[in-house]
Structures are given as C-alpha cells and as structure tokens.
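Following: one structure in structure tokens, then a few remarks.
Please treat every number below as a calculation from the coordinates, not as lab data. What you see is a predicted model, and the numbers here were worked out from it, not measured in a lab. Please note: Cβ atoms are built from the backbone with ideal geometry, for glycine as well, and neighbour counts cover all protein chains shown.
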Amino acid sequence: AQSVTQLDSQVPVFEEAPVELRCNYSSSVSVYLFWYVQYPNQGLQLLLKYLSGSTLVKGINGFEAEFNKSQTSFHLRKPSVHISDTAEYFCAVRASGSRLTFGEGTQLTVNP
Amino acid sequence: NAGVTQTPKFRVLKTGQSMTLLCAQDMNHEYMYWYRQDPGMGLRLIHYSVGEGTTAKGEVPDGYNVSRLKKQNFLLGLESAAPSQTSVYFCASSYDLASTGEQYFGPGTRLTVT
C-alpha cells in the first residue's frame with residue numbers, strides 16, 4: 001500500500017519570500033511522484049513530476065522539487081513567490097501497478 | 001482539444017432528488033476517474049473505469065453509481081441525494097497504469113444538497 005502525507009495544511013508567506021511545501025510518502029516499491037496545483041474555483045493542474053533520473057525536477061511557474069529516496073520525501077520549493085502563486089497544492093504518489101494517491105493538500109497564501 | 005470537460009458546473013439538489021454528472025475527454029484515454037473534494041480531506045476516489053464498459057469502486061463509492069458506455073464519457077449518478085454529498089466533484093482521465101499514471105482533470109462540479 002502507498003500513502004502520502006503533506007506536513008503542513010496551511011503555509012502563509014510574504015511576496016518574494018522563498019517557500020517549501022513538504023511531502024512525505026510511503027511505499028514498498030518504486031514510485032512516481034507528482035505535484036498538482038489548484039487555483040481558486042478551478043481543477044487541478046500538473047505542476048511537475050518525478051519519474052526517474054535526476055532527483056531535482058523543475059516544473060512550471062518557477063517551482064522545483066527534490067526526490068529524496070532515503071527520506072521518502074518530495075518537497076516542493078520556489079525561491080521567490082508571487083501573489084499569483086496563492087493556491088492549494090497537492091502531492092501525489094503512484095507505485096508501480098497502483099492508482100494515484102493524493103495528499104490532503106497545502107494551502108499556500110502569499111501576502112503582499 | 002478541450003481536454004476534460006464536466007457538466008454541469010453548479011447544481012443545487014433537494015434531499016432525495018437524483019442527478020447525473022457528465023464527464024467527457026477527447027484525449028483517447030483508457031482510464032477515467034471520479035473524485036470528490038471536501039475541505040481538509042484532499043481528493044477521495046469515488047469510482048473509476050479502466051476502459052469502455054468497465055467500472056470499479058474507489059474509496060468512497062456508497063451512494064453513487066457510474067457508467068462508461070463510451071470510451072470518451074464517464075457518468076456519475078446520485079440516485080437519492082443526501083446533504084453529506086454536498087461537495088465539489090472532479091473528473092479525471094489518464095492513459096493507463098502501464099504509463100506514468102499522470103491524470104488530467106476537469107474544472108469541477110460544485111454540488112449542494114439541501
């Protein structure tokens with residue numbers, strides 16, 4: 001079985017500050033990892049994904065995430081956030097042969 | 001290429017009424033999914049389909065039925081709506097489990113049951 005834990009339900013930051021949204025997963029087999037973003041009143045969009053290869057993955061809108069197998073983590077980072085980054089962010093994991101499992105979400109609020 | 005579309009966008013039902021939510025995708029995906037999203041609970045899988053004519057239960061299937069008569073469409077039915085089914089419903093699709101499993105989402109349907 002696989003599971004995902006997003007360690008923070010809410011993250012408030014000021015504009016132009018760096019941010020890290022934390023995600024830990026558990027699985028007994030190799031996994032694919034995803035971050036999705038949901039802007040207010042919209043569906044989910046793929047931000048980035050880790051399939052294999054380089055552990056540092058770059059996504060859209062300046063976000064990146066690092067896969068750490070020993071820590072079973074896939075934290076999302078951005079060096080300088082904008083007001084427009086205010087959204088809910090979901091981490092998701094898929095083990096081989098299994099369906100996608102989502103975390104509970106982290107609400108990022110960027111304040112001026 | 002519209003991706004994944006959902007109708008309707010909003011709906012208000014009275015307890016006991018029935019309705020059907022329609023999801024359509026034009027990406028020739030084999031897999032389709034219905035989720036519900038509630039505050040603090042993330043996305044929970046209701047039902048899914050691995051191909052035309054097949055459906056399976058997800059985490060929270062009670063009170064819902066689905067059908068996949070055509071590959072591009074996936075219908076979610078509520079036979080007798082309850083206030084506990086007030087939620088935002090998302091449809092998604094993906095190629096198959098042999099690929100990465102990346103899912104593409106529709107814009108959602110906001111359902112209120114009074």
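List, in the order given, every pair from B:K9/B:K57; B:K9/B:K71; A:K49/B:K70; A:K58/B:K70 whose Cα-Cα distance in the structure shown is over 26 Å.
Values: B:K9/B:K57 24 Å; B:K9/B:K71 22 Å; A:K49/B:K70 30 Å; A:K58/B:K70 36 Å.
Among B:K9/B:K57; B:K9/B:K71; A:K49/B:K70; A:K58/B:K70, the Cα-Cα distance tops 26 Å for A:K49/B:K70; A:K58/B:K70.
For region A:77-109 and region B:8-47, write down the distance between their C-alpha centroids in whole Å.
Distance between centres, Cα-based: 20 Å.
For A:S84 and A:N41, calculate 0.36 nm times their separation in residues minus their Cα-Cα distance, and state this gained length in nm to one decimal. List each step's numbers first, then the result.
On the way: separation 43, 0.36 × 43 = 15.48 nm, distance 1.40 nm.
Contour length minus Cα-Cα distance gives 14.1 nm.
Given Cα pairs under 8 Å that are at least 6 residues apart, what percent is the relative contact order of chain A? Could you put the intermediate results ahead of the total?
Working: 284 pairs, mean separation 42.5, N = 112.
About 38 percent, as a whole number.
Using the basic label-point model (7 angstrom from Cα toward the beta carbon), what is the B:F10 to A:S3 distance in nanometres?
So the label points at B:F10 and A:S3 sit 3.8 nm apart.
Give me the inter-chain shielding for A:58-67: mean count of other chain Cβ atoms within 10 Å, whole number please.
Working: counts 0, 0, 0, 0, 0, 0, 0, 0, 0, 0.
Per residue, the number of nearby Cβ atoms from other chains is 0 on average.
Taking the number of other C-beta atoms within 10 Å as the exposure measure, put B:M41, B:M19 in order starting with the fewest.
B:M41, B:M19
How much length, in nm to one decimal, is gained on full extension between A:S26 and A:S70, taken as 0.36 nm per residue of separation minus their Cα-Cα distance?
14.7 nm
Which value, in debye to the nearest 20, describes the size of the charge dipole of region A:8-107 about its Cα centre when Lys and Arg Cβ atoms bear +1, Asp and Glu Cβ atoms bear -1, and nothing else is charged? Mind dumping the intermediate values first?
Values: 8 positive and 9 negative charges, 101 e Å.
The calculated dipole for region A:8-107 is roughly 480 debye.
Under 10 Å, Cα contacts only: if you run a Gaussian network model on chain A, which one of A:K58, A:K78, A:K69 comes out with the highest mean-square fluctuation?
Most flexible of the set in this elastic network: A:K69.
Quick one: compute the contact order of chain B, relative version, from alpha carbon pairs under 8 angstrom and 6+ residues apart, as a percent.
Relative contact order here is 35 percent.
Give me the net charge for the shell around A:S30: Cβ to Cβ below 13 angstrom, other residues only, Lys and Arg +1, Asp and Glu -1.
+2
Would you tell me the mean number of C-beta atoms belonging to other protein chains that fall within 10 Å of each C-beta in A:40-49, as a whole number?
Working: counts 0, 5, 3, 13, 11, 2, 4, 0, 0, 3.
The mean count of partner-chain Cβ atoms within 10 Å per residue comes to 4.
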